[in-house]
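What follows is one structure encoded as structure tokens, with my remarks underneath.
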Amino acid sequence: VGKWRLLSLFPIGVAILIAVMYRAPDIVISSEGNVMMVRDGEIGYFSTLRKERFVREQWAKHFELEDSKPFPREGNIQLSDEGKISCDRRVCRIEVGDKKISYGSSYDALRRDCAWAEYLVSPKKLGRKFCEGVPKDVILYDGWFFEKNGAVAFSSGEEFPVTSRDVRGWRPWSRAPD
């Protein structure tokens, strides 16, 4: 009985270590790109409080948010970690860590942000050549991307975001990988 107790300490220790090292993502985007959440401690800032209510409620529960607030229609929100959310009527610019993300549905506003953003996020289908002619690489997360890969999570300190497809893998009923 003594050996088994000692052996059981190893998986318990690993589980505690994993729990302590877990860091919730800073930004989460729904599987269709309709809702984006920027997490600032125990506050979740949402691109909208009108769409995908179930998804928003699950995020709030999972990330243990105390409050859910909308992105500003126009204006800025200063985040506690020196990041910010800046919105006008057509697009929001999110700066968290070293990530610069432009989020919206306006083709004109998103095209203007091709020069500024590292990532362009829109539920609309923009196409691979949307930012053609811009001297830097911009990563597009548009309707085509969400259709294929699902939800996205950005974490500061991580080079690339994680998609739900990365986590679940390819399934026979999923769209085949490229």
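Could you list, in sequence order, all residues of the range 49-63 that are farther than 19 Å from residue 123 by Cβ and surrounded by fewer than 14 Cβ atoms within 10 Å (Cβ to Cβ)?
The answer is 57, 61, 62.
For the range 64-178, which fully contained helices (runs of 4 or more DSSP H) count at least 1 residues that are of a type in the set (S, T, N, Q), open to solvent by 20 Å² or more (accessible area, probe 1.4 Å) and modelled with pLDDT under 95?
Once the helices (runs of 4 or more DSSP H) in the range 64-178 are filtered for at least 1 residues that are of a type in the set (S, T, N, Q), open to solvent by 20 Å² or more (accessible area, probe 1.4 Å) and modelled with pLDDT under 95, what remains is 143-149, 164-168.
Is it fair to say residue 39 is at pLDDT below 90, charged (D, E, K, R) and open to solvent by 40 Å² or more (accessible area, probe 1.4 Å)?
no
If residue 22 meets every condition in (1) at pLDDT below 90; (2) aromatic (Phe, Trp, Tyr); (3) over 21 Å from residue 159 (Cα atoms) apart from one, which number is that one?
(3)
Show the residue pairs meeting these rules: Cβ distance below 8 Å; 6+ apart or different chains; first residue within the range 29-51 and outside any loop (DSSP other than H, G, I, E, B); second residue loosely packed, with under 15 Cβ neighbours inside 10 Å and of a type in the set (A, V, I, L, M).
Within 8 Å, the pairs are 39/24.
The values are calculated or read from the model by the stated rules, or taken from the named source; none is laboratory data. Quick caveat: nothing in here was measured; it's all calculated off a predicted structure. Note that each Cβ is placed from the backbone with ideal geometry, even for glycine, and that neighbours are counted across all protein chains shown. To get the accessible areas, we keep the full protein, side chains included, count just its heavy atoms, and leave off ligands, DNA and RNA. Shrake-Rupley method; radii C 1.70, N 1.55, O 1.52, S 1.80 Å.
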